[in-house]
Every structure is written in C-alpha cells, then in structure tokens.
Amino acid sequence: MSAEPAEPIGPAVPRGRAAREGGTGADEVSAPAEDPASGETPQDRGRVLRLVPAAPRPTALATPPTVPPPPEAMPTAPLPTPGPRIPSAAAPRQVPDDARTAVVPRVTDEARPDDAEGAPVTPRPAAPEPEIAPEPAFTAEPEFAPEPAAAPRPEVTRRPEVDTTTAAPVPEAPKAPAQAPTPARAQAPARTPRPEATTPLASPRSDAARAGEAVRAVWSRLDDQEDDLAHWFAALLFSLAPGLRAHFPTQADRAARRLLRASIAAMSAVDRPQELASAVETLAKETRALGLDASADEPVGVALVGAVREFAGELWAPGADAAWSLAYSLAAEPARRRAATMPGVVTGTVVAHRRLSWDLAVITVAPDEPVDYRPGQWVTVEVPQRPRMWRRLTPAGAPRADGLLEFHVRAVEGGWVSRSLVAHSQCGEQWRIGPAEGDLDADVTAERELLIVAGGTGASVALALCDDLAAQAAQGVDVRPTTVIVGGRTPEDLHTLDRFAAIADDAPWLAVVGACESDPLDLELAPGTVVEAVTRAGQWLSHDVVLAGSPEMIRATTAALLVDGTPLDRIHYDPFTEGDED
C-alpha cells in the first residue's frame, strides 16, 4: 500500500475518552472518512497523520459501507439547537461543519448493555484505561442535555454500526515521535527567498539575457538577407537623420553593412561578457571610422530596429521592440566609451609614390605624429579621393627610425580605394591613418621552425616579420629557422626579393624562395603559384605557419596545408574583411 501525505491538522477536537477525562482532546483524532471516489477505507490508505499512536480500529466489514451522498443531496435543514449545557470540566464537543467528513454514529432505540431501560442519560464515569482496546463506534456523549422530543432530527445517511464485540483488535501502531506535537511548525523561522527566485526580470542581468536571446533568435533567420537589410537600414537612417549622410561614403551600402554587422554582433552578445568585449571593440572602430558621435546613437538604433522588423515579419514576437532596443542600448554605451579611449587618428603626408606596374604602387607617407605598431600589424587609411572609405594597409618592414610608413598597394578589380591609390595618389596629399591592429608576430620564443607564405602585397607582412627577427638576432637572441616563400603573378610582384636577400646574407637561419606564375623559365624562381610552391617543397608538419595575402590565396594555402596534415592550430593569419576588396 502506498502512503499518501496527510492534510495539515488544525486544532484538535476533544472527543471520546479525552473529553470524558477532561483532557485537551489532543490524544485522539477522528478517523478520516471513506473516500467516496476510490472506495478506500482509512486502513487502505496507509499512514494517517496523528499526534499520538492510533487507537485500534475494527477490521473491514464483510458488507461494503454505504457511500455518502454528494453535497447537493445533503439535507439543508439546520442542526438542532442544543439544550442548556451541563456544567462539566470537559471541553464541549464541536460538531463538524462538513457532514460528508463527519462520522455520525447511528443511535438505535435498543437498550444498551450498560443502560437501564427508561433510565435518564447520565454522564458515565471515566474508567481506568486498560490496554488499548477497540473503541466502539462513536456513541452519544453526555455533554449535551437531552434533546427535546419535539425537535426533529435531520435525515442523515449514517454508517452501519460496527460490532466491536466480535471484531479482532488491530495491533497498536508504532509511535511516530517526529509527528508528535509540532512545535517546530509554529517556531520555524520565516523563510527567506532564494536569490534566484526574486523578481528574475527586475535585474539588469536577466534583462540582458532576454534581449540577447531575442536578437539571436531573429538574426539567425535573417543573416542571409544582410545585403538587402543593410540597404533598408541606410535608407531609414538617412530619412531619420539626413545630416548623417555626410558621414558615409558615396557607396553607402558597404559602410552601412559593416555598421549593421558590428551592431548586431554586439547586440547578440550583451549577455555574454567574453564575446561582448571583442564585439564592442569592432563596433567602436566602425562608429569612429564614420565619425559618429553620441547624437547618432538614437537614429541608428531606431533605423536598425525598424529595418530588422520589416524583414522579420512573423518572426517579430510581441515585446521584440523593447528587447532589441534594450540590446542596442547595452551595446552602444560601452562602444561609445571604448571609442573615446582609442588612440587618435593621425594625419600623414604622401612623400613618395612609385608605380611599379599598372596595378601596383609603392607609397611612402610621413605621419605628423609617430604611429606605434608592431611588425606584422596593419593600419586603416582614409584618402582624399574616397572620404569615409577606410582601407586596410600593412606597413612594409619594421618601424623605422625616421617614422616613415611604406605601403605596397595593389589595385583590386572593382576596388574604390585601392584603384584611386595606385592611379591618382600624389605627393603632398593628406591621409588620415588609424591605430594599428592585428595579432601576427614572429614569436621567437617558440621551439618549432617557422614558415612564412606571402602572396602579392602580402610580402609586406613577411618583410616586416623578417626585419623583426633580424633585429632580435642582432641582439643575441637565438632565432628559430625560418623559411619564406613569396609568390606573384609577374616578376614585378616580386620586387621585395632583393630586400629578403639582403637580410638572408647576414642571417643563416633564413631561407627565401620566390615563385612566379608568368615566367616559368626563370631558373632563380620556382614556377607556378605560391600554393604549388608550398606543396612541392614537402610537408610542414613540424612548422608554425604564417599566411599573408589576398583572401583567395589564404583559403587555398590553408586547404593545401590541411590536406598535407598540418594541424589547423599551427596556421596563423589575420582575418580578412570585405574592406580588403576596396
């Protein structure tokens, strides 16, 4: 039998032997009534919560008990008003309010064994309590005066009387000390709510989590429509704040797409602190590159939410406006603070422009203030021909004593900035140069050998790293063996080979290989592409690999190295962006 939890017990009602002895009535509690729905008797339901050991109960009847009628079938006549109360030390017996749960004994007209016929009903003296014996069915107690004969007794369905003289006694139930009078229930201290259970949406952390989840849920379904959404975003932004149009380049869609992408990335990470730091860094760079101040936050946020809502359709759930607005606020504020602490933009003057071919030029710039950068890092530049369009360029070589910056620029097909730099840049024009960025370095402390693969203008990165290694070797540092493979389409693309050769003359740790696609008969160069030169040279399983070049070249070289078995975690390159195609 399964034990069911008992209902909480209210104040004990004095009845039975306790009432006759003047007790408090806490010794016994009336047996629970039979469950009309299941037909289970108290014995079938298992343990009954009591304050003291249960008294023996008669065994189950041979005949099924009468099921009490439903509440609507119960008589509505009021119970008879009791007569004058006989003074007694015992507390009065209370009549239960619910007739369905009250055990109402059937009082017959037959003479009881201990009453004389016709004798008045008098209180019985309390007998000494022997061993616990079966208690007869509830009998009339002498705590009320005899009822008037004229008072009608309400018709109540009664339980059949149990013959206690033949019923076998039930063994005494074991004592339950834990359920004895429950002072702990009354004396228990007030519970304090757990921290996580108190107003979960009132804390900023929970609001940020809800906002971040809302942004990720919608954007994961719209990222394939980024181009169209960015165009809509720019149109809404310029209609809300026409003055912001001057902060965007002529081809505004690309800049709007970068701003939209950076904003969404930061908004999606408002509940992820580690991701939020890097996302805020990117957003701060985009807003600073466009020259947007705090006054642009509101129109940008309104245009962004409006554009996403337009494309979301049924994905836009109720409350999404508030969640997206909150996410933008949580992302824009730290981005604004980070932009204020970034190194300032430096102005530089073009002092040399040497055009090597129709699509390749070497440009030297003298900054007004020294530009702090590590070998291998890149900077962003803005030129007069393309205002508000920033192009990423890597200084060729390590920082120089005179502070000059040398850039190798190739005109990219369809590129707005690169083509203007190669064809139209002139000495004396003013450039704006942003802070240095990038994580590539030579890491002389590593034990594995180093392979540097450079394609086209990526030779600027390789030249800067080799200059750095040579400077450390001159200071007595034990530089690890390094191999440099430089590739180009034409011999003009390999104009840096002479500088590599000059470094290798005094550096036994350096080996340089050039690869040319258009001149397979040159005996000093490896034929084919730079990727082919890498694969023909053998496997590079024990090398750290640094890649620099166009996005296509980096993808192809990475795939070839992985096929040969080079672990991915040993291949390093700066992530390229669509800005490299300008």
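The values are calculated or read from the model by the stated rules, or taken from the named source; none is laboratory data. All of these numbers come straight from a predicted model, not from anything done at the bench. Note that each Cβ is placed from the backbone with ideal geometry, even for glycine, and that neighbours are counted across all protein chains shown. For accessibility, only protein heavy atoms count, side chains too; no ligands or nucleic acids. Shrake-Rupley method; radii C 1.70, N 1.55, O 1.52, S 1.80 Å.
What percentage of the solvent-accessible surface of the range 199-354, computed with a 1.4 Å probe over protein heavy atoms, is contributed by carbon and sulfur atoms?
55 percent
To the nearest 10 square angstrom, what accessible area does VAL345 show with a 1.4 Å probe?
Solvent-accessible area, nearest 10 Å²: 50 Å².
What relative contact order, as a whole-number percentage, does the range 258-344 give when Cα pairs under 8 Å and 6 or more residues apart are counted?
Once divided by the residue count of the range 258-344, the mean separation gives 44 percent.
From a point 7 Å beyond the Cα of GLU333 in the direction of its Cβ, which residues of the range 211-244 have a backbone N at a distance under 19 Å?
211-215
Just to check, using Stokes-Einstein with a Kirkwood Rh over alpha carbon pairs, what's the diffusion coefficient of the range 334-395 at 20 °C and 1.002 mPa s in µm²/s?
Taking Rh from Cα pairs, D becomes 155 µm²/s.
Alpha carbon centre of the range 501-527 versus the range 289-367: separation in Å?
A separation of 42 Å, based on Cα centres.
Rank by packing, highest mean first: peptides 349-356, 562-569, with packing defined as the count of other Cβ atoms within 10 Å averaged across residues.
Ranked from most to least packed, the peptides come out as 349-356, 562-569.
Give the average over all directions of the projected area of the C-alpha convex hull of the range 211-273, one decimal, in nm². Let's see the in-between values first.
Values: hull surface 18.9 nm².
Its Cα hull, projected and averaged over all orientations, spans 4.7 nm².
Taking amide hydrogens as modeled 1.01 Å from N in the peptide plane, which residues meet the under 5 Å criterion relative to LEU360, leaving out close sequence neighbours?
ALA411
Per residue Cα convex hull volume for the range 262-372, in cubic angstrom?
Dividing the Cα hull volume of the range 262-372 by its residues yields 165 Å³.
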